[in-house]
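Participant: Here it is: the structure, laid out below.
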Amino acid sequence: MPHVETALGPVDVNDLGMCLMHEHIVVANWSMRQNYTNYYDAEQQIPKAIAALKRAADRGVRSIVDLTPVNLGRDIHTIRRVAEATGVHVIAPTGFYWTEEPQMHAWDARSLASYMVRDIRDGILDTGIKAGVIKCATDNPGVDAFNKKLLQAAAIAHRETGVPISTHTTVSNTSARDQQIAFAEFGVDLTRVVIGHCGDSTDLDYLQTILDQGSFIGMDRFGLEAYLPTDQRVQTVAQLCAKGFAGQMVISHDSCSFQDFFDQKYIERFAPNWCYEHVPRDVLPALKSAGVSDRDINTMMVENPKKVFSKIGGY
Ligand SMILES: [Zn+2]
């Protein structure tokens, strides 16, 4: 069987088990970390990350995909420590976030892709840990010229290595569909892409246009109530399962044990369930109550992740 690269080495895709396909262990800006010692305290945060992931593991989670882009603070040493301490398979990412950084203007897609290919083939820094997934993002600007270059870079790295692509979108525009159009233009087989954050939408017609292209869609922000409450996310997944789309959905939280996007107090108050254990603890029982079969749940939590990471190999 195919193997997927994880923080502790290659793992048979049959051993991935229940897999959360879009999470983050730590999102912490590198420039701030390097310049202000009080910005992020790794020795305080890493034990919290380990404890949070262990709680999910106690509820059956065997694997997570960390989708933190390099320029949002991908921290491979922390990823490895958390994987070692929890025994959870952690698939590490490569790729760049949509946030425009001045130096990226001068780089063409091929030079950006070369960094990703290095992470995938040679490993990240001196750790020997190889990236197992390519992250890219578009967000509010949509597929503008700059973001299209990032998508092209991801496509080049994907076509060279066969490592799957997983994306970030926003429901405030049509970037999910626009990403597919761009990827198709760059020669990507859309069945090898996870279009992320589709679960923020309840628009079944729009979601079906994305599904009809063959991609997986990420119903991957459970617990982020401010964007969409859990019961509406559950209903959307249940309705798509009833239409026969369980084979194209993956379920996750997009949560972080530490992140610098929101004040921690805001999360504790407005998103107390935005954590790695919400899906096994609350969401899966809610899906069952909404009529989703055990078989469909297994498809979304185990079989689809296995499928995403089974098709390794360049074009
Ligand atoms: Zn994310």
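Participant: Which ones in the range 218-252 are charged (D, E, K, R), modelled with pLDDT of 95 or more and over 12 Å from Met300 (Cα atoms)?
Facilitator: Hits for the range 218-252 are Arg221, Asp231, Arg233, Lys243.
Participant: Which one is surrounded by the fewest Cβ atoms within 10 Å (Cβ to Cβ), of the residues in the range 16-52 that are closer than 17 Å to Glu84 by Cβ and more than 16 Å from the ligand (Cβ to nearest atom)?
Facilitator: It comes out as Glu43.
Participant: For the range 100-111, give me each residue that is surrounded by 12 or more Cβ atoms within 10 Å (Cβ to Cβ), at pLDDT below 90 and not charged (D, E, K, R).
Facilitator: Within the range 100-111, Met104 is the sole residue that qualifies.
Participant: For the condition more than 30 Å from Asp178 (Cβ to Cβ), within 16 Å of the ligand (Cβ to nearest atom) and surrounded by 19 or more Cβ atoms within 10 Å (Cβ to Cβ), what is the one hit in Asp75, Asp66?
Facilitator: Result of the check over Asp75, Asp66: Asp75.
Participant: In addition: Residue check, Met301 against (1) within 16 Å of the ligand (Cβ to nearest atom); (2) under 21 Å from Lys54 (Cα atoms); (3) touching a residue at least 24 places away in the same chain (Cβ under 8 Å); (4) hydrophobic (A, V, I, L, M, F, W, C), all met but one. Which one?
Facilitator: (1)
Participant: Any idea which of (1) modelled with pLDDT of 95 or more; (2) more than 19 Å from Ile76 (Cβ to Cβ) is the one Val143 doesn't satisfy?
Facilitator: Result: Val143 passes all but (1).
Participant: Still on this structure, I have one more. Among (1) surrounded by fewer than 23 Cβ atoms within 10 Å (Cβ to Cβ); (2) of a type in the set (Ser, Thr, Tyr); (3) within 16 Å of the ligand (Cβ to nearest atom), which single condition is Ser114 missing?
Facilitator: Unmet condition: (3).
Participant: Only one of Ile120, Ile129 is part of a loop (DSSP other than H, G, I, E, B) and either in contact (Cβ under 8 Å) with a residue 60 or more places away in the chain or under 20 Å from Val65 (Cα atoms) (or both); which?
Facilitator: Ile129
Participant: Next question, about the same structure. Write out, first by first residue and then by second, each pair whose Cβ atoms fall under 6 Å of each other, whose residues are 6+ apart or on separate chains, and whose first residue, in the range 187-213, is assigned to a helix (DSSP H, G or I) while the second is within 15 Å of the ligand (Cβ to nearest atom) and modelled with pLDDT under 95.
Facilitator: Cβ pairs passing all conditions: Asp200/Val171; Asp200/Tyr227.
Participant: In the range 166-176, what residues are crowded, with 16+ Cβ neighbours inside 10 Å and away from the ligand (no atom under 15 Å from the Cβ)?
Facilitator: Across the range 166-176, the qualifying residue is only Thr174.
Participant: Taking the stated definitions as given, is Val237 within 16 Å of the ligand (Cβ to nearest atom), touching a residue at least 40 places away in the same chain (Cβ under 8 Å) and surrounded by 24 or more Cβ atoms within 10 Å (Cβ to Cβ)?
Facilitator: no
Participant: So, one more: Between Gly247, Gly162, Gly214, which is surrounded by fewer than 17 Cβ atoms within 10 Å (Cβ to Cβ), out of contact with any Asp or Glu (no Cβ under 6 Å at 6 or more places or on another chain) and closer than 17 Å to Ile134 by Cβ?
Facilitator: Gly162
Participant: The conditions are (1) in contact with a Lys or Arg (Cβ under 8 Å, 6 or more places away or on another chain); (2) surrounded by 13 or more Cβ atoms within 10 Å (Cβ to Cβ); (3) of a type outside the set (Val, Ile, Thr); (4) not in a helix (DSSP H, G or I), and Tyr315 fails exactly one of them. Which is it?
Facilitator: So the condition that Tyr315 fails would be (2).
Participant: With respect to Ile181, is the statement that it is within 16 Å of the ligand (Cβ to nearest atom) and either touching a residue at least 12 places away in the same chain (Cβ under 8 Å) or buried (at least 17 other Cβ atoms within 10 Å of the Cβ) (or both) true?
Facilitator: Spelling it out, it is not the case that Ile181 is within 16 Å of the ligand (Cβ to nearest atom) and either touching a residue at least 12 places away in the same chain (Cβ under 8 Å) or buried (at least 17 other Cβ atoms within 10 Å of the Cβ) (or both).
Participant: In the range 13-58, what residues are of a type in the set (Gly, Ala, Ser) and within 19 Å of the chain's Cα centre (by Cα)?
Facilitator: Gly17, Ala28, Ala49, Ala52, Ala56, Ala57
Participant: Let me ask you something else. Restricting attention to the range 195-210, which residues are within 14 Å of Thr138 (Cβ to Cβ) and within 16 Å of the ligand (Cβ to nearest atom)?
Facilitator: Within the range 195-210, Ile195, Gly196, His197, Cys198, Asp200 qualify.
The values are calculated or read from the model by the stated rules, or taken from the named source; none is laboratory data. Predicted, not measured: the structure shown is a model, and the values here were computed from it. With ideal geometry, Cβ positions are generated from the backbone for all residues, glycine too; neighbour counts draw on all protein chains shown.
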